[in-house]
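The values are calculated or read from the model by the stated rules, or taken from the named source; none is laboratory data. This structure is a prediction, so every number in the text was calculated from the model and none was measured. So basically every Cβ, Gly included, is an ideal-geometry build from the backbone, and we count neighbours across all protein chains shown.
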Amino acid sequence: MPVQLLKTTAELLKKQTDILEKSNRQQIEANSFQSAREMMNGDVSSAMDAFFLANPKALHEFNRAIHDDNVSNGTKKPLLNYSILGNEVRSIITNSDLDDESKQENLRSLDLATNFRASGDLDTVTAPGGANLLQTTVADYFLKTVEELGVVFNSGIDKRDMTNAGNMDQPVYDNFGRSQFVNAGTNYPDAGTDIEGNATKVTLNPRPFGNVLDVFVDFRQKLNAGWLKKVADILAERQAREKDFTVLFGTGSNPDYPTGMTNGAGVITGLTPGADEFETLGRYISRIAQLRRVSRNKMAVYINESINQRFIDLKYSMTNDDLSKMISLDSNGNISMIRGVKVITTEVSPVTSGTSTLVIGVPGLYLWGTAKADALIDDGGLTGFKSDSIAFKVSGMADGKPGFGNAFGKFDITGL
């Protein structure tokens, strides 16, 4: 929902805070956030924005937590900054001649920045009175965090915008797509007869997915900026892990949809394993290169930490130095490349009874269509501050498919 009453709500919360200044700070913040949720019709992100506007100490704490993360992790996550509201908005908020209802109506007419702006489109430079009336909001920070945490999802996968809703038919070629010679004067009634491997299509059908985090009643007593950030980070990580899992292992049905790289059309089957994982992987690389006409720099190998350690052990057990160099390590001692193919280590690859699945493919040939961007929202149900818990959730709508023949491979590694 748009942040329609953000600044007005913050002003009312500030008055409430002043009245309760002799009370315990945590209880003040809890009451303030509770009121913000009620004023924002239960919308969590809008309530957080209003809460920080009304509680500058909490805003400072939140920004300090982000700053510390940036320093320790080398990230560049934006700080929240509500200090540059346009002069027009300031005039409405501070005008004592307007009652609250009039202020709210005037703010609506200003088309204040929406709560769920496109992630990545973060306003950190607008001067007072500029086009965008708000800088980075809680929702902006949260959505940006989700994108940064998705290891597999951000590794070169082809993303399509489906925000107009409905299904989307994406033309693909089962194979190379090389035009064939035809006799002079031949018509082209069906492109599929003149394209090697035939021209086909993949239908993306967006489906909802997301994660929920229940926060119990003691959330009231612990409400502060650091705790709010922790809640957002937990949800962001869960959502990113779910995206990574569906891209690699999704079954196309509950609860693992959309379809992942290791299922559905496009998966190579029937290859004879080599003497070890290193040789087996080489056979997959060769087969994909032949069938898809692609070089190794367009491929990627997805492994977990257990498989990472297996290849490290394999590297140092090889007696041939030249062969050993084909397993490369990064500065942290992790596998970065095998046989010239980039390696991505992600913990979403499960290990069951010492067995895990290695995935290899051409990520640019995996289609991921997003119909509704990830959003941090309230559960909209009966939970909340009036009951024992509140459920935060992040949800979106998307579909993904490995819609290209012979573009992906997988095999199990045992004894981990």
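With the condition kept exactly as written, say whether any residue in segment 212-228 is modelled with pLDDT of 85 or more and surrounded by 15 or more Cβ atoms within 10 Å (Cβ to Cβ). The answer is no, given that none of the residues of segment 212-228 is modelled with pLDDT of 85 or more and surrounded by 15 or more Cβ atoms within 10 Å (Cβ to Cβ). Residues of segment 341-369 that are among the small types (Gly, Ala, Ser) and assigned to a strand (DSSP E or B): Ser356, Gly361, Gly369. The residue list Thr345, Thr280 contains one member that is touching an Asp or Glu at 6+ places or on another chain (Cβ under 8 Å), surrounded by 15 or more Cβ atoms within 10 Å (Cβ to Cβ) and among the hydroxyl-bearing types (Ser, Thr, Tyr), which is Thr345. Against the condition at pLDDT 85 or above and closer than 30 Å to Ser395 by Cβ, how does Thr280 come out, does it pass? Answer is no for this residue.
Just to be sure I understand the filter: pairs with C-beta atoms under 6 Å, separated by 6 or more residues or on different chains, first member in segment 246-269 and more than 12 Å from Ser349 (Cα to Cα), second member of a type in the set (S, T, N, Q) and assigned to a loop (DSSP other than H, G, I, E, B). Which pairs pass? Close Cβ pairs (under 6 Å, with a partner that is of a type in the set (S, T, N, Q) and assigned to a loop (DSSP other than H, G, I, E, B)) amount to Thr251/Asn263; Ile268/Asn406. With respect to the conditions (1) in contact with a Phe, Trp or Tyr (Cβ under 8 Å, 6 or more places away or on another chain); (2) in a helix (DSSP H, G or I); (3) more than 29 Å from Glu242 (Cα to Cα), Ser286 falls short on a single one, namely (1).
Every condition in (1) over 16 Å from Leu281 (Cα atoms); (2) among the hydroxyl-bearing types (Ser, Thr, Tyr); (3) in contact with a helix residue (DSSP H, G or I) (Cβ under 7 Å, 6 or more places away or on another chain) is met by Ser317 except one, and the failing one is (3). Ser331 - would you say it is of a type in the set (S, T, N, Q), free of Cβ contacts under 8 Å to residues at least 40 places away in the same chain and in contact with a helix residue (DSSP H, G or I) (Cβ under 9 Å, 6 or more places away or on another chain)? Taking the combined requirement at face value, the residue does not satisfy it. Of everything listed in (1) farther than 20 Å from Ile285 by Cα; (2) out of contact with any helix residue (DSSP H, G or I) (no Cβ under 7 Å at 6 or more places or on another chain), the single unmet condition for Gly403 is (1).
Would you mention how many residues in segment 399-410 are modelled with pLDDT of 90 or more and either surrounded by fewer than 24 Cβ atoms within 10 Å (Cβ to Cβ) or touching a Pro at 6+ places or on another chain (Cβ under 6 Å) (or both)? Number of matching residues: 4. Is one or more of the residues making up segment 322-340 more than 31 Å from the chain's Cα centre (by Cα), in a loop (DSSP other than H, G, I, E, B), over 20 Å from Phe404 (Cα atoms) and modelled with pLDDT under 90? Yes: segment 322-340 contains one or more residues that are more than 31 Å from the chain's Cα centre (by Cα), in a loop (DSSP other than H, G, I, E, B), over 20 Å from Phe404 (Cα atoms) and modelled with pLDDT under 90. Taking each residue of segment 278-292 that is assigned by TED's automatic domain parsing to the domain that holds Lys410 and looking for partners that are assigned to a helix (DSSP H, G or I) and of a type in the set (D, E, K, R) with beta-carbon atoms closer than 8 Å, six or more apart or interchain, yields Ile285/Arg296; Ala289/Arg296. Which of the residues spanning segment 65-79 are loosely packed, with under 10 Cβ neighbours inside 10 Å and of a type in the set (Gly, Ala, Ser)? Hits for segment 65-79 are Ser72, Gly74. For segment 246-277, the set of residues classified as buried (at least 18 other Cβ atoms within 10 Å of the Cβ) and polar (S, T, N, Q) consists of Thr246, Thr259, Thr262, Asn263, listed by residue number. Every condition in (1) at pLDDT 75 or above; (2) closer than 17 Å to Ala373 by Cβ; (3) outside the structural domain of Val362 (by TED's automatic domain parsing) holds for Thr136 except the one numbered (1).
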